[in-house]
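In what follows, a single structure is set out as structure tokens and then discussed.
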Amino acid sequence: MTAVEQQGKLTLAAIAREAGVSAPTVSKVINGRDDVAAETRSKVMAVLARTGYKSPVQQRRNLAGRQAVEVVFDSLDSAYSIEVLNGILEAAGAADIEVLLNVTSRQGPSRLTPEQRARRIVDEGRCGMIVVTSAFSEPQLDAFNRRGVPTVVIDPLNPPAGNVVSIGATNWAGGKDATSHLLDLGHRRIAYLGGPDGAECNQARLHGYLAALRARNVPVDDRYIVQGSFRSEAGVRGMKQLLQLDERPTAVFAANDTVALGALAEARRQNVRVPEDLSLVGFDGTYQAEESVPALTSVAQPLQEMGRAALRFILRQMRGETLDSRRVELATNLVIRESTAPPQALLPVA
């Protein structure tokens with residue numbers, strides 16, 4: 001039994017004795033101060049996590065109601081976001097954790113520094129943060145870590161620091177599966193409508209696409225690779241660009257379902273039939289893919305499971321458990337629907 005456990009009351013002095021440091025040093029760690037050595041900070045953080053210490057402000061707020069996790073999205077206007085949120089809510093309900101939503105795109109630029117925002121989160125008694133896609137920068141995530149706020153990032157656009165838990169999908173394998181499916185149908189002129197050029201998940205899907213082409217000795221045509229964003233208007237613009245080529249692609253792999261649906265809408269406007277004239281594959285496997293006309297072939301991410309896993313990792317960090325890995329990738333699965341078919345030249349003559 002530790003000294004803290006024997007004492008039965010958690011004070012800064014007791015935490016300091018257990019960690020082998022001074023009480024002012026413990027106070028600095030709790031308040032996210034920078035003037036503490038990394039090794040000392042880790043030692044204090046381990047004791048805080050193991051004992052479940054809460055500052056007086058946190059204790060008062062926790063008495064007022066259930067523990068709360070803040071979930072931060074850059075936006076909630078996509079099926080992807082809604083499905084991830086449903087998974088978080090399901091797991092939170094089972095654990096009796098309250099979920100508070102923060103949508104950054106609906107706010108103006110924050111006047112808070114990363115440290116001030118982290119201090120607010122601690123003072124308001126949040127027991128953890130789940131950050132979806134690109135809502136927070138690395139300095140902000142680092143500030144959360146210094147203050148001991150359990151944090152999980154879902155599908156980060158850029159790789160987070162090694163001490164931040166991140167959850168994603170097997171994007172490279174998914175990109176390869178989507179492209180291999182089109183190759184199996186007989187397509188050779190296959191385009192990629194990508195997301196943001198610097199996004200890690202987009203790069204992984206692009207590299208899977210390239211790997212599938214190279215494995216079949218299909219030349220890579222740079223004209224068929226169009227980078228944009230993960231929004232539907234990028235699919236519209238990309239499809240316009242591809243349909244202006246003298247040698248149009250016979251198939252398109254889009255970086256997500258939203259881009260694919262934008263591409264589908266533009267194909268309709270230009271009287272290009274899907275899948276008769278052009279096969280189309282998306283990524284995410286959202287309900288929008290299933291409900292589109294034609295139903296969209298898509299690489300399904302386990303979006304709700306990603307949300308559930310994020311909440312479970314918050315709970316594990318709250319309990320002070322040692323995590324085997326801070327990067328989790330869940331398997332994708334290609335779901336074949338009506339938007340893909342062999343190219344016209346390979347169809348039997350009626």
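For region 92-110, which residues satisfy the criterion of being modelled with pLDDT of 70 or more and either closer than 13 Å to Arg308 by Cα or over 20 Å from the mean Cα position of the chain (by Cα) (or both)?
Scanning region 92-110 gives Ala92, Gly93, Ala94, Ala95, Asp96, Ile97, Glu98, Val99.
Of (1) in a loop (DSSP other than H, G, I, E, B); (2) within 23 Å of Arg237 (Cα to Cα); (3) open to solvent by 70 Å² or more (accessible area, probe 1.4 Å), His187 satisfies all except one. Which?
Failed condition: (3).
List the number of the failed condition for Leu280; all other conditions in (1) crowded, with 22+ Cβ neighbours inside 10 Å; (2) without any contact (Cβ under 8 Å) to a residue 40 or more places away in the chain; (3) farther than 21 Å from Thr133 by Cβ; (4) not polar (S, T, N, Q) hold.
Among (1) crowded, with 22+ Cβ neighbours inside 10 Å; (2) without any contact (Cβ under 8 Å) to a residue 40 or more places away in the chain; (3) farther than 21 Å from Thr133 by Cβ; (4) not polar (S, T, N, Q), the lone unmet condition for Leu280 is (2).
Residue pairs, Cβ under 6 Å, 6 or more apart or interchain, first in region 183-209 and farther than 17 Å from Leu157 by Cβ, second open to solvent by less than 10 Å² (accessible area, probe 1.4 Å) and of a type in the set (S, T, N, Q). List them.
Tyr209/Thr179
Out of (1) buried (at least 24 other Cβ atoms within 10 Å of the Cβ); (2) more than 17 Å from Val226 (Cβ to Cβ), the odd one out for Leu193 is which?
(2)
Can you tell me which residues in region 322-350 are within 19 Å of the chain's Cα centre (by Cα), open to solvent by 50 Å² or more (accessible area, probe 1.4 Å) and modelled with pLDDT under 95?
Ser325, Arg326, Arg327, Glu329
Given (1) closer than 25 Å to Leu278 by Cβ; (2) surrounded by fewer than 24 Cβ atoms within 10 Å (Cβ to Cβ); (3) within 20 Å of the chain's Cα centre (by Cα), identify the lone condition not met by Pro139.
Going through the list (1) closer than 25 Å to Leu278 by Cβ; (2) surrounded by fewer than 24 Cβ atoms within 10 Å (Cβ to Cβ); (3) within 20 Å of the chain's Cα centre (by Cα), Pro139 breaks only (1).
On the basis of being out of contact with any Pro (no Cβ under 8 Å at 6 or more places or on another chain), within 21 Å of Ile225 (Cα to Cα) and either free of Cβ contacts under 8 Å to residues at least 40 places away in the same chain or of a type in the set (A, V, I, L, M) (or both), does Ala289 make the cut? Steps first, please.
Details: out of contact with any Pro (no Cβ under 8 Å at 6 or more places or on another chain): yes; within 21 Å of Ile225 (Cα to Cα): no; either free of Cβ contacts under 8 Å to residues at least 40 places away in the same chain or of a type in the set (A, V, I, L, M) (or both): yes.
So Ala289 fails the test.
Taking region 143-156 on its own, how many of its residues are open to solvent by 40 Å² or more (accessible area, probe 1.4 Å) and farther than 20 Å from Ser325 by Cβ?
So in region 143-156, the residues open to solvent by 40 Å² or more (accessible area, probe 1.4 Å) come out as 145.
Of the ones still in play, those that are also farther than 20 Å from Ser325 by Cβ are none.
Qualifying residue count for the region: 0.
Keeping to region 221-239, report how many residues are farther than 25 Å from Pro302 by Cα and open to solvent by less than 50 Å² (accessible area, probe 1.4 Å).
Qualifying residue count, region 221-239: 7.
Conditions (1) crowded, with 22+ Cβ neighbours inside 10 Å; (2) modelled with pLDDT of 95 or more, marked per residue:
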position	(1), (2)
Gln241	no, yes
Asp246	no, no
Pro249	yes, yes
Ala254	yes, yes
Asp257	yes, yes
Leu264	yes, yes
Ala267	yes, yes
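The values are calculated or read from the model by the stated rules, or taken from the named source; none is laboratory data. As the structure is a prediction and not an experimental result, all values here were calculated from the model. Cβ sites come from the backbone with ideal geometry, for glycine too, and all protein chains shown count toward neighbours. These accessible areas exclude ligands, DNA and RNA; they are computed on the full protein's heavy atoms, side chains included. Shrake-Rupley method; radii C 1.70, N 1.55, O 1.52, S 1.80 Å.
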